[in-house]
Amino acid sequence: FAPMQKKFITNLGLIVFLNLLIKPFWIFGIDRSVQNLVGVSSYGYYSAILNFSFLFSIILDFGITNYNNRNIAQHKHLLNKHLSGIIILRFLLAFVYFVIIMASGAIIGYSADQLKLLALVGLNQFLLTFVLYLRSNISGLLLFKTDSIVSVLDRFLMIVFVGFLLLNTYTRAHFQIEWFVYAQTLAYLITGVFAAVAIAQKSSFVRLSWNIPFFVMIIKQSFPFALLTLLMSFYNRIDFVLLERLLPGKLGDEQSGIYASAFRLLDAANMFAYLFAALLLPIFANMLKNKENVIGIVRLSFNILWVVSIYSASIALFNAHDIMRVLYPQHVDESLLAFAERLAESALIFKLLMTAFIAMSSSYVFGTLLTANGNLKTLNITAFSCMLLNIGLNLLLIPRMEAVGAAITNVISQMLSIFVQVVLVILIFKLKPDWKYLSNLFLFVLVAIGVSYLAKLIGIGLLWSILVSGCIAIITAISFKLLNINNLFTLLRKER
């Protein structure tokens, strides 16, 4: 193991542990409970507005977070200078963001209640992106332990706040989706203060700086990152908005809610994969600056994500119906037929989205490497093509297939994106095909699918199916040398 591989593995272990400790409880214990409490339609109403706010969130950040992460990792001495000016710039961008989302909401026909909720969600988007910017300084300094704590603090606080509202008899009986949003606001505020204090201890930041030439310079430098984030946001998040807008009446809210129930599980898996990008971007940037060979850490991180994503997709393929039935039981006012139809639709969407997860998780390695290497023009062209394809397919499929059409579109868009990214990495870094390695990746897919199918066929139950398939997946990955446990234990002993 090279020094950076050691740093990557040890800090990945910490951040994964903390996220697995907190975020699954948030997603399945709190967020899911809120949806089951308020109902599919009400939660779909919230999801559509939330994802509408996501479409414009790039204005809040303008690529500054990714630019700053890469830049601070390569030039740590710039922290104080950039921090004092970028904070002012972000507040200016926040003003522009609020004007645009409220105007856009009014233009597409949002009601007064929808605009009120949009304003609250927009405030949370500002706080979230501000926390992410503060984290980019922390991770840019390679302070991964502190970053790991900040990465879960907001969710931990939301578990406490929303958990109290759900457990209290009175507040549960009168629960409103707006309370869910208020709890997020408070959690983001506290997390932001914690992150700011952590940075203050590592910098000599004195005062905010109003410097228009500096603002212009940062905007120019971060624009390619902003464009990439904007394009990716469109083909990752526009599904919810189009479902709510293209389908008539309450059907749009209902389909958006059904899509959200399956998308929540993709989000849960994606949180794990995203941790790799958060760690890899500053590590890749630092290694490329020092002209170190990155291929070892690329293969190491890709192998882990390949094993996890293929295993997750194979479990979803044969157990989607059982998983959705456990997570989303029949509502009090829902007929048995309507419940069966909702269950079947959400299960199919879940299968499709977990197929897309294979491509999404791989992109956190290859896309992050290309970003750190500065290949943003090519990435933006790819993302623009995927966005056009995504919007076109959604306009075609949603009116005909509703939420299932959005899921199919997601799969196609993600697969196209990762295919181009892999080809670019091969060409730019002049990689030669390792046929034995590629055959092992393919064989792992066959084994994972075969084991999940047999477990379902035998009928050992959902929990045992997940556990047995997981154990066999790990054993298979070790046998095919996709995971090297001996090296990992050796590394951990050296770190101690």
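The values are calculated or read from the model by the stated rules, or taken from the named source; none is laboratory data. Remember, it's a predicted structure, so these values are computed and weren't measured experimentally. Using ideal geometry, Cβ is built from the backbone for each residue, glycine included, and neighbour counts are taken over all protein chains shown. For accessibility, only protein heavy atoms count, side chains too; no ligands or nucleic acids. Shrake-Rupley method; radii C 1.70, N 1.55, O 1.52, S 1.80 Å.
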request  = Answer yes or no as to whether Tyr97 is closer than 28 Å to Trp210 by Cα and either modelled with pLDDT under 85 or buried (at least 16 other Cβ atoms within 10 Å of the Cβ) (or both).
outcome  = yes
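Which residue, of Leu186, Leu118, Leu89, Leu127, is at pLDDT below 85, in contact with a Phe, Trp or Tyr (Cβ under 8 Å, 6 or more places away or on another chain) and either under 18 Å from Ile59 (Cβ atoms) or part of a helix (DSSP H, G or I) (or both)?
Details: Leu186 fails: at pLDDT below 85; Leu118 fails: at pLDDT below 85; Leu127 fails: at pLDDT below 85.
Every option except Leu89 fails the conditions.
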message = Which count do you get for residues in the stretch 252-274 that are surrounded by 20 or more Cβ atoms within 10 Å (Cβ to Cβ) and farther than 30 Å from His331 by Cα?
response = 2
message = Being open to solvent by less than 10 Å² (accessible area, probe 1.4 Å), among the aromatic types (Phe, Trp, Tyr) and part of a helix (DSSP H, G or I) narrows it down to one residue among Phe318, Phe302, Phe357; which is it?
response = Phe357
query = Would you pick out the residues in the stretch 238-251 that are open to solvent by 50 Å² or more (accessible area, probe 1.4 Å) and part of a helix (DSSP H, G or I)?
reply = Arg245, Leu246, Gly249, Lys250, Leu251
message = Residues to consider are Thr185, Thr129, Thr146; find the one that is out of contact with any Leu (no Cβ under 8 Å at 6 or more places or on another chain) and among the hydroxyl-bearing types (Ser, Thr, Tyr).
response = Thr146
remark   = Per the filter on the stretch 273-313, residues within 24 Å of Thr146 (Cβ to Cβ) and among the polar types (S, T, N, Q) are Asn286, Asn290, Ser301
query = For the stretch 437-456, does any single residue satisfy the condition of being surrounded by fewer than 20 Cβ atoms within 10 Å (Cβ to Cβ), of a type outside the set (Gly, Ala, Ser) and in contact with a Lys or Arg (Cβ under 9 Å, 6 or more places away or on another chain)?
reply = yes
Single match in Ile412, Ile418 (criterion: assigned to a helix (DSSP H, G or I), at pLDDT 90 or above and open to solvent by 60 Å² or more (accessible area, probe 1.4 Å)) = Ile412
note = Quick count over the stretch 167-181, residues being among the aliphatic types (A, V, I, L, M) and exposed (fewer than 14 other Cβ atoms within 10 Å of the Cβ), is 2
